[in-house]
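Just below is one structure, and these are the notes that go with it.
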Amino acid sequence: MTKKDKPKKPLDSRIQKIADKIKQLRKDSGYTAAETFSYDKKIDRILYWRMEKGTNFTITSLLRILDAHEMTLEDFFTDFTDI
């Protein structure tokens, strides 16, 4: 079985919730395209795209995105009481 044929493992719902919030923050900031946001904020576009998809999560990456939104970890996770 090749990597391409391997069935995808479902994304952890907690990671999906973080990814969804990152995407919503971008949209709330007036950016319709992730590429434009990442370019303006000087974040690698592939890294940012992966964060919105929930496939590349490191704390460092998350902090870079929160810095771009001028947001604290506490603010970001305020509505994450159910996970």
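Suppose a student asked you for the relative contact order of the chain, using Cα pairs under 8 Å spaced at least 6 residues apart; what percent would you report? It would help to have the intermediate numbers written out before the result.
Values: 44 pairs, mean separation 21.1, N = 83.
Taking the mean separation of contacting Cα pairs over the length of the chain, I get 25 percent.
Spin-label point model (7 Å from Cα, Cβ direction): what's the Thr55 to Thr36 distance in nm?
2.4
For the chain, what is Rg from Cα atoms divided by 2.2 N^0.38 Å, rounded to two decimals? Each step should come with its number before you reach the end.
Working: Rg = 13.7 Å, N = 83, 2.2 N^0.38 = 11.8 Å.
Against the empirical 2.2 N^0.38 Å value, I get 1.16 for the chain.
Every number here is computed from the coordinates shown, using simple stated rules; none is lab data. Everything numeric here is computed off the predicted structure, so don't read it as measured data. Positions of Cβ are generated from backbone atoms using ideal geometry, with glycine treated the same way; all protein chains shown enter the neighbour counts.
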